[in-house]
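The values are calculated or read from the model by the stated rules, or taken from the named source; none is laboratory data. Here the structure is a predicted model, which means the values were calculated and not measured. Counting neighbours? That spans all protein chains shown, and the Cβs are built from the backbone with ideal geometry, glycine included.
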Amino acid sequence: MLLCAGTLLLPTSLIAGELTQFEANYDILRKGENHGQGVRTLKKLADNSYQVSYHSDIEWMIFSDSRKETSNFTFSDKKITPVSYSMIRTGTGPDKEYTLQFDSTKKLVNSSESKYPIECEWSEQFQDSISYQVQVREELKMGKTSFSYPLVDKKGNCRDYNFEVVGTEMISLPIGNIEAIKVKRLYDNDKRQALAWFAPEMDYMLVRMWKGEKGVEQFEVQMKSFTVTSPVAVPEAVKSETAPE
């Protein structure tokens, strides 16, 4: 296990054709005040099969919300293909649970909310509510500045998610100062705003998110620690710098 909390250097010489397995911890903020924590993990299940999950716990005044989203997917030729998605939510108000199954053989998406397949035209580019974030990292690694995915959300709705790179900037986070690529989600109107920052020096990890509505911040997520949980090939230059005297 290679700890990266406290250092911003993630070796880029990873095992060819594989995704970096990791655990990332985040602060969840609103107007600068901490209201919760989030944990994002990615792990390998089998050859070309992975699982990404995001678990958040938020408390704000009398409101509480705990939810976990999990996506199982395959990875080949820099392409993320979701196999299943689940979301479990508890807290203030009714508890909720959803599951989606992506059947590439029958070209159908099945939801736990319906006994019939979702009425969406099948696409080989389908993403779910968290798998797309892994795919965005792959697009950025290839130098792309705009990308779009047909996404099936947790309620079984089909919609297009469109993104463009705004630029790069140095941002200050609990984990340290990081130069990051700023990505904007494109909406049909200006009422909602969503921004995400990805750090090239950390294998394009998602280090910050910001979401607003009508210019008012809804929440912000900032990375506070990061751990690589799979072996990586450390460059010789790094080995020599860290070798004991």
* Members of the stretch 178-234 found to be crowded, with 17+ Cβ neighbours inside 10 Å and in a loop (DSSP other than H, G, I, E, B), listed by number -> Asp203, Tyr204, Val232
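Looking for whichever is touching a residue at least 40 places away in the same chain (Cβ under 8 Å), small (Gly, Ala, Ser) and more than 29 Å from Thr20 (Cβ to Cβ) here; the options are Ser114, Ser131. Which one fits?
Every option except Ser114 fails the conditions.
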* Structure fact -> Leu2 passes all but one of the listed conditions (1) in contact with a Leu (Cβ under 9 Å, 6 or more places away or on another chain); (2) at pLDDT 95 or above; (3) surrounded by fewer than 16 Cβ atoms within 10 Å (Cβ to Cβ); the exception is number (2)
* To do: Among the residues of the stretch 147-190, write down those that are touching a helix residue (DSSP H, G or I) at 6+ places or on another chain (Cβ under 9 Å) and small (Gly, Ala, Ser).
  => Ala180
* **Scope the stretch 87-120; condition in contact with a Leu (Cβ under 6 Å, 6 or more places away or on another chain) and basic (Lys, Arg); matching residues** => none
* the stretch 72-96 - residue that is in contact with a Lys or Arg (Cβ under 8 Å, 6 or more places away or on another chain) and outside any strand (DSSP E or B) and, of those, surrounded by the most Cβ atoms within 10 Å (Cβ to Cβ) -> Lys78
* Which of (1) under 28 Å from Ala46 (Cβ atoms); (2) not in a strand (DSSP E or B) does Lys115 not meet, given it meets every other one? -> (1)
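Of all residues being at pLDDT 90 or above and not charged (D, E, K, R) in the stretch 103-117, which is surrounded by the fewest Cβ atoms within 10 Å (Cβ to Cβ)? Just the residue, please.
Selected residue: Thr105.
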* To do: Confirm whether Val166 is surrounded by 13 or more Cβ atoms within 10 Å (Cβ to Cβ), closer than 30 Å to Val109 by Cα, touching a residue at least 12 places away in the same chain (Cβ under 8 Å) and under 19 Å from the mean Cα position of the chain (by Cα).
  => no
* **Criterion violated by Leu19 - all others in (1) surrounded by 13 or more Cβ atoms within 10 Å (Cβ to Cβ); (2) modelled with pLDDT of 75 or more; (3) more than 15 Å from the chain's Cα centre (by Cα) satisfied** => (3)
* **Extreme residue, nearest to Asp128 (Cα to Cα), among residues of the stretch 83-96 that are free of Cβ contacts under 8 Å to residues at least 60 places away in the same chain and of a type outside the set (S, T, N, Q)** => Val83
